[in-house]
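Enquirer: Here it is, the structure in full.
The values are calculated or read from the model by the stated rules, or taken from the named source; none is laboratory data. All values reported here derive from a predicted model rather than from experimental measurement. Reconstructed Cβ throughout: ideal geometry from the backbone, glycine too, with neighbour counts over all protein chains shown.
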Amino acid sequence: MVSSSAYMILSATIFAIGVLGVLVRRNVLVMFMSIELMLNAVNLALVALSRQLGSLDGQVLVFLVITVAAAEAAVGLAIIICLFRNKKSVNVDDFNLMKW
Amino acid sequence: MEILIFAILALVAVSCSILVISQRSAVSSALFLIATMVSIAMLFLLLNAPFLAAIQIIVYAGAIMVLFIFVIMLLNLRKDEFGPERKKAQRFFGILLVFLLLIGLATIIELGAFGLESTGEISQPSAPAGPEPLAQLLFTKYLFPFELASILLLVAIVGAVVMAKRRL
């Protein structure tokens, strides 16, 4: 049986790759996909710990995280469409209206 | 055998997620993200959570990624609109910081800060968690978060329509 630590390390690696995507990319769509990647990594850790502890609470939490991710994707993509309509760009450096 | 399957799935998940952030075109990023999500769903199967694996494929790889592809197609981006990526120094410090983050996380996991050691080895493989035991918990102990999630989805629907519509 694969140990829970192995799953946690894998989850940490995928999470770190997601953080790297948010840090180095400028295309707002790819940054958004990196956020989804991070949410997925956390889900993996939750399911692994739920098996470790022998309880289903972690899996219920994953269920709720997936719901929140769906809502977040819908609203986030609507915001991206709005931004593109106004700025004609998906480059985050162009979105500096609220920067002081 | 299980370790071999885990190694293959982990390799696919990590390499596909690296490809997600390194592709120049957003469409190929989205396709590699689908591959990552499917491999994570397979890992859920390996972890005795078949219901969550199905939900992962239906909601993530199905609904959310279709939404992504739909928006990418709708924006109709040409190659030149991607522009140059971040400066070399920024990329270097990004990789450095993420490397430090990964070292920190790995140290915490190996030190057993999550209590992995105290609970000991998993005694016996639990039965695969189908919809029934999950629903049992969701409609009793987690009823309030469940209702909140329904309100959240309603707000998201209204918000998306209000923002994306040209004129109400």
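Enquirer: Inside the range B:23-57, can you point out the residues that are more than 9 Å from chain A (Cβ to nearest Cβ) and of a type in the set (S, T, N, Q)?
Expert: Correct list: B:25, B:28, B:39.
For every residue, the table says whether it meets (1) at pLDDT below 85; (2) not β-branched (Val, Ile, Thr).
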{"residue": "B:27", "(1), (2)": "no, no"}
{"residue": "B:54", "(1), (2)": "no, yes"}
{"residue": "B:69", "(1), (2)": "no, no"}
{"residue": "B:76", "(1), (2)": "yes, yes"}
{"residue": "B:113", "(1), (2)": "yes, yes"}
{"residue": "B:123", "(1), (2)": "yes, yes"}
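Enquirer: With A:49, A:97, A:64 as the choices, which residue is out of contact with any Lys or Arg (no Cβ under 6 Å at 6 or more places or on another chain), in a helix (DSSP H, G or I) and without any contact (Cβ under 8 Å) to a residue 24 or more places away in the chain?
Expert: A:64
Enquirer: Further question: Would you call residue A:26 over 19 Å from residue B:35 (Cβ atoms), facing chain B (nearest Cβ under 7 Å) and touching a strand residue (DSSP E or B) at 6+ places or on another chain (Cβ under 9 Å)?
Expert: Here the answer is yes, as residue A:26 does meet what is asked.
Enquirer: Still on this structure: Quick test for you: out of B:64, B:55, B:69, pick the one residue that is among the hydrophobic types (A, V, I, L, M, F, W, C), surrounded by fewer than 19 Cβ atoms within 10 Å (Cβ to Cβ), over 21 Å from residue A:12 (Cα atoms) and out of contact with any strand residue (DSSP E or B) (no Cβ under 6 Å at 6 or more places or on another chain).
Expert: That would be B:69, the only listed residue that is among the hydrophobic types (A, V, I, L, M, F, W, C), surrounded by fewer than 19 Cβ atoms within 10 Å (Cβ to Cβ), over 21 Å from residue A:12 (Cα atoms) and out of contact with any strand residue (DSSP E or B) (no Cβ under 6 Å at 6 or more places or on another chain).
Enquirer: Just the residues that are surrounded by fewer than 22 Cβ atoms within 10 Å (Cβ to Cβ) and hydrophobic (A, V, I, L, M, F, W, C), please, taken from the range A:13-28.
Expert: Correct list: A:19, A:22, A:23, A:28.
Enquirer: Here's another thing I want to ask about it. Tell me which residues, restricted to the range A:54-67, are surrounded by fewer than 16 Cβ atoms within 10 Å (Cβ to Cβ) and within 8 Å of chain B (Cβ to nearest Cβ).
Expert: Scanning the range A:54-67 gives A:54, A:57.
Enquirer: On the given criteria, is residue A:91 under 28 Å from residue B:152 (Cα atoms) and polar (S, T, N, Q)?
Expert: no
Enquirer: Can you confirm whether residue A:50 is within 8 Å of chain B (Cβ to nearest Cβ), of a type outside the set (Phe, Trp, Tyr) and either more than 21 Å from residue B:49 (Cα to Cα) or in contact with a helix residue (DSSP H, G or I) (Cβ under 9 Å, 6 or more places away or on another chain) (or both)?
Expert: Yes; evaluated as a whole, the condition is true for this residue.
Enquirer: With the condition kept exactly as written, say whether any residue in the range B:98-107 is at pLDDT below 90 and either surrounded by fewer than 13 Cβ atoms within 10 Å (Cβ to Cβ) or more than 9 Å from chain A (Cβ to nearest Cβ) (or both).
Expert: Yes; the residues of the range B:98-107 include at least one that is at pLDDT below 90 and either surrounded by fewer than 13 Cβ atoms within 10 Å (Cβ to Cβ) or more than 9 Å from chain A (Cβ to nearest Cβ) (or both).
Enquirer: Which one is farthest from residue A:73 (Cα to Cα), of the residues in the range A:3-34 that are in contact (Cβ under 8 Å) with a residue 40 or more places away in the chain and part of a helix (DSSP H, G or I)?
Expert: Going through the qualifying residues, I end up with A:4.
Enquirer: Just one of (1) more than 7 Å from every other protein chain (Cβ to nearest Cβ); (2) surrounded by 24 or more Cβ atoms within 10 Å (Cβ to Cβ); (3) β-branched (Val, Ile, Thr) trips up residue A:42, so point out which.
Expert: Of (1) more than 7 Å from every other protein chain (Cβ to nearest Cβ); (2) surrounded by 24 or more Cβ atoms within 10 Å (Cβ to Cβ); (3) β-branched (Val, Ile, Thr), only one is false for residue A:42: (2).
Enquirer: Another question about this same structure. Has the range B:83-96 got at least one residue that is in a helix (DSSP H, G or I) and touching a residue at least 24 places away in the same chain (Cβ under 8 Å)?
Expert: The answer is no; no qualifying residue exists.
Enquirer: Further question on the same structure: Applying the selection to the range A:70-93, what residues are within 7 Å of chain B (Cβ to nearest Cβ) and part of a helix (DSSP H, G or I)?
Expert: Matches in the range A:70-93: A:70, A:71, A:73, A:74, A:75, A:77, A:78, A:79, A:80, A:81, A:82, A:84.
Enquirer: What number of residues within the range B:1-49 are surrounded by 20 or more Cβ atoms within 10 Å (Cβ to Cβ), in contact (Cβ under 8 Å) with a residue 12 or more places away in the chain and part of a loop (DSSP other than H, G, I, E, B)?
Expert: Within the range B:1-49, residues that are surrounded by 20 or more Cβ atoms within 10 Å (Cβ to Cβ), in contact (Cβ under 8 Å) with a residue 12 or more places away in the chain and part of a loop (DSSP other than H, G, I, E, B) number 1.
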